[in-house]
Amino acid sequence: MWLRRVLTHPGFFIAVLLSGLFANTWYWLHQRSGSNAFQWIGESVDRVPTQQPMVALTFDDGPRGNVSRRLLTELNRLNTKATFFLVGRQIKQHPQFTTELWRSGHQLANHSYAHKAMDDGNLWRFWQEVRDTDQLIRQTGYKGPIHFRAPMGKKRLALPLVLALQQKIHVLWDVNPRDYRNTAPEKMIETVLKKVRPGSIVLLHDRPNTVAALAGMVEGLRAKGYQLVTVDQLLAQRR
């Protein structure tokens, strides 16, 4: 009898309806969250809408010893400022070089501590990785804002919540020459020059082929009238 009363009670149908709505909404969010273009909470940027001919070059996964040194030397030679999304455990190995990066006028940002995918639900791990990498960056004396980029750009539902609570902008990209696939420098230059538009954020890495492509990218972009800026300089165009 009690089961019949439960099943026929109006509240039971309302509960079923609400639980189904919640489940469908959660599933929709989970599916959408796999796309770089969607983030359910907090601020995410893959390009800054602007008419100003400005582009931000960003470099992930460093610092990486000799190849990062070559990259910094080339950027300085080209008088170009960039944004470095650094991995915490790499900073621990190269703290003095990390200091040299910001003293050379480049922007520092957070790319997690261990560079493991952050698309599961481990909120505590995410919180620790973001916090610990921020601390390592600050220990070098860096005073600027520290934005974040997830390894491989993967985020799902839990990471955006952590970033929102820590008041961080999730910086992604809209131009990707895939240097991590050991793409030839000439092909990388071609991709960047073809796909950039005002406000673009270019995804690059501390890699030998990227160092080899850098001069061609910078000179080609300048020939098109673009100014090479940091992510923060680009974000300032939104105001």
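Details
- Test: residue 147 is touching a Leu at 6+ places or on another chain (Cβ under 8 Å) and open to solvent by less than 30 Å² (accessible area, probe 1.4 Å): no
- Checking the stretch 48-63 against the condition returns a match, with at least one residue being among the acidic types (Asp, Glu), touching a strand residue (DSSP E or B) at 6+ places or on another chain (Cβ under 6 Å) and open to solvent by less than 30 Å² (accessible area, probe 1.4 Å).
- Residue satisfying condition, being without any contact (Cβ under 8 Å) to a residue 60 or more places away in the chain, in contact with a strand residue (DSSP E or B) (Cβ under 8 Å, 6 or more places away or on another chain) and either surrounded by 22 or more Cβ atoms within 10 Å (Cβ to Cβ) or farther than 17 Å from residue 58 by Cβ (or both), within set 171, 192, 218: 192
- Test: residue in the stretch 109-120 that is part of a strand (DSSP E or B) and either within 27 Å of residue 221 (Cβ to Cβ) or at pLDDT below 95 (or both): yes
- Flag if residue 4 is basic (Lys, Arg), more than 25 Å from residue 119 (Cβ to Cβ) and at pLDDT below 95: yes
- Restricting attention to the stretch 78-105, the residues that are crowded, with 23+ Cβ neighbours inside 10 Å and either within 19 Å of residue 173 (Cβ to Cβ) or among the hydrophobic types (A, V, I, L, M, F, W, C) (or both) add up to 8.
- Set 162, 211: member being in contact (Cβ under 8 Å) with a residue 60 or more places away in the chain, β-branched (Val, Ile, Thr) and outside any loop (DSSP other than H, G, I, E, B): 211
The values are calculated or read from the model by the stated rules, or taken from the named source; none is laboratory data. Bear in mind the structure is a predicted one, so any value in this text is a computation, not a measurement. All Cβ positions, glycine included, derive from the backbone under ideal geometry; neighbour counts span all protein chains shown. These area figures cover heavy atoms from the full protein model, side chains too; ligands, DNA and RNA do not enter into them. Shrake-Rupley method; radii C 1.70, N 1.55, O 1.52, S 1.80 Å.
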